[in-house]
Every structure is written in C-alpha cells, then in structure tokens.
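*Asks:* Quick one: the structure is below, and I'll ask about it shortly.
Each reported figure results from applying straightforward, stated rules to the coordinates on display, with no laboratory input. Please read all numbers here as calculations on a predicted model, not as lab measurements. Note that we place each Cβ from the backbone using ideal geometry, even for glycine, and neighbour counts take in every protein chain shown.
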Amino acid sequence: MFGNIIGNVRNKEILKNIIYSNNISHSYIFSGIDGIGKFLFAKEFAKAILCLDEKKYPCNKCKSCISFENGNNTDIVIIDEQEDSIKNEIIKELTKKVLEKPVLCSKKVYIINNSENMTKEAQNSLLKTLEEPPEFVVIILVTSNENLLLNTIKSRCIKISFDNLSNSELKQYFDNNLMNFNNDIVDSFGGSIKKAIELNNKKEIFEKVEKIFSNLDNMNTLQIMAMKETIFSNKEDIYSILDYINTIFYRKILKDINNIKKYKRYIEIVEETKIRLNKNSNYDMTIDYALLAINACLERNG
Ligand SMILES: [Zn+2]
C-alpha cells in the first residue's frame, strides 16, 4: 500500500494500521500544503478500504479494485471540482445519496478534494452527515487550508497531517519520472512536487534572477530599476522568486563575511516585501519600493 507515493512515511504506517486493525472511522481530514500527494493518499486509502480481499493490500485483482481503477466502482465517490468554490448543491446531492448502501463492498467512501473550497452553506450541509453518518460511510476531506473549514466540521474528523517533502524526496520523484531536477532552486520548491514541476519549467526566470542578484554591487540605479520588467513581471511566482533571491543572499553571507551587514539588510528588504504583498499592498508600488530600498543600500555602501 502507498508503494508508489513518495514521502510521508509515518502516515503510510498510520493509515495501514487503521486498515489492518479494521478501525476505520467515519470521517478524516487529510491536511497539508499543495502538491505533496494528499489526494493520492486518499484514493489509495479508499481503494484499500474497499478491497474485497481480506488482506486489503489493496490486492488490485478483486472486482472492487479493478472497477476502482476503471473509474466505475460506485462505492467510491470523488468530488474534485476545478472551480474555486464547491457549491451547496453539490454537497446537498452528496448528503442525499449518502444513505444509499454500497454495492460491492461493505463500505462506501466519499473523497472531497480541495474541501476548503466548500462554501459555508455547503459545509453546514455536510455537517449533518458528519454528525450522524450511516454506519457504512467513510468521508475523507482533503485540504491545503484547513483554516477555512468550520470548527464544527474539524471536530468531527480525525486529522492526518501531511508533511512537506524533503529535498531528497523531491529529487527522488523527479528521478522516478525521468525528469531533470534543478538542484540550484530546490529551496524554492517549498517541499511541494507541484511547485517543483511548475518552477522547474520556468528555469530561465531563476537563471535571470541569479545573474542579476549575484552581481548587484556592479549595477547602477537604472539597471536596478530595470529589474522590475525582467523579473518582477512574473507575478504568479513572486514568492518563489523572492525566496530564491534570499537564498542567493544567504549564500553570499557564507562567502563574503565582511559584508554580512549589507546582505542582512537585503534579506530584510525581501522579507518586508513578502509581508507587504501578503497584506495585499499595491503590487507595483511594493516592488518599486523594494528596488529603491536595495538601491539606497548600494549607494550607502558604494
Ligand atoms: Zn482488491
């Protein structure tokens, strides 16, 4: 079980124990950042619960496992909406059907992916089912932001927390999938396979950042302000880029002991920029402000 999923070894043991001891609860929350395999874990866990073989590997041979793989096992219901919100109608539909008995198996499993996207009404609808679930029902809420789930929901579920993947686990994933792994920017991946794939595809941006920020001392004001166009136009990756910039500065500190103060100030500026962006400050102004602050720093030192 879980042999094909990388990372979160402890959770593999916890979930196996739940199944082997036949101590399956009615509701679980699988919580952790995006891109670390929570949804895969949920599906594999469900498959094992529904497996008809008494050893529950899952066996991948029984009628349940085969129909599970073919996507026509009616004892597993997956809600995986691509939209930003999971509307009340969808959950209401689920709660209506929840009394329907399983067909093949002794249990029926419901997985709601990105469950934090459930509207408040949808969560309240689900709550009724969580309070009095039919005896054969297992509900798994997969979420990357459990803060958006109502406390009343959370208190009725057993929480399984998933860890960010280590750099070596990320590398293993890339190796297994015969993909090129960029070791230089691994710290920007934040332990997420999803992010690693996204950023690895945008290698040139990081190369550009590297070139500019490792050469700051030789740049004039005009060149520094021009960075805005080349780098900060990648708005959707701005946090990863800022993290990467600080990785560059931390590396500098290790090599250039005489200028620790200067690099510490740069790192502060970058961290302040992240905070401002988090507070939804005007994007362009925030970036301008950061570049001006870096420039002022250079002038003082030069
Ligand atoms: Zn099976």
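*Asks:* Compute the angle between helix 88-97 and the longest alpha-carbon principal axis of the chain, please, reported from 0 to 90 degrees and rounded to the nearest 10.
*Replies:* For 88-97 against the chain, the angle is about 30 degrees.
*Asks:* Only loop residues by DSSP count here, and only those with at most 16 other Cβ atoms within 10 Å; note down the GluC sites (Glu not before Pro) in segment 110-178 that meet that.
*Replies:* Listed in order of number, the matching sites are 135.
*Asks:* Which residue fluctuates the most in the chain, going by a Gaussian network model with Cα springs under 10 Å, if the choices are 60, 70, 124?
*Replies:* 70
*Asks:* Per the Kirkwood formula on distinct C-alpha pairs, the Rh of segment 152-278 is how many angstrom?
*Replies:* With all distinct Cα pairs of segment 152-278 included, I get 16.5 Å.
*Asks:* What share of Cα pairs, in percent, lie more than 20 angstrom apart in segment 9-161?
*Replies:* Above the 20 Å cut-off, segment 9-161 has 45 percent of its Cα pairs.
*Asks:* Please pull out the direction-averaged projected area of the chain, using the convex hull of its alpha-carbon atoms, in nm² to one decimal place.
*Replies:* Result: a mean projected hull area of 18.3 nm².
*Asks:* Another one. Among 154/195; 61/107; 12/101; 63/87; 97/194, which pairs are too far apart, with a Cα-Cα distance over 23 Å?
*Replies:* Exceeds cut-off: 154/195; 12/101; 63/87; 97/194.
*Asks:* Once both axes come from the Cα atoms, what is the angle between helix 120-131 and the longest principal axis of the chain, in degrees from 0 to 90, rounded to 10?
*Replies:* Roughly 40 degrees between the two axes.
*Asks:* Follow-up. Once you've got the GNM for the chain with C-alpha springs shorter than 10 Å, pick whichever of 129, 152, 143 has the biggest mean-square fluctuation.
*Replies:* With Cα springs under 10 Å in the chain, the top fluctuation among 129, 152, 143 is at 152.
*Asks:* Please check the chain for the longest run free of trypsin sites (Lys or Arg not before Pro) that are loop-located per DSSP (anything but H, G, I, E, B) and have at most 13 other Cβ atoms within 10 Å.
*Replies:* My reading of the result: 62-278 is the longest stretch.
*Asks:* Rank the residues 285, 227, 219 as a footprinting-exposure proxy: fewest other Cβ atoms within 10 Å of their Cβ go first.
*Replies:* Least to most surrounded, the residues fall as 285, 219, 227.
*Asks:* List the aspartates and glutamates whose alpha-carbon lies under 15 Å from that of residue 159, not counting same-chain residues fewer than 8 positions away?
*Replies:* 13, 116, 146
*Asks:* While we're on this one: Between the helical axis of 221-230 and the dominant principal axis of the chain, each derived from Cα atoms, what acute angle in degrees is found, rounded to the nearest 10?
*Replies:* Compared with the principal axis, the helix lies near 20 degrees.
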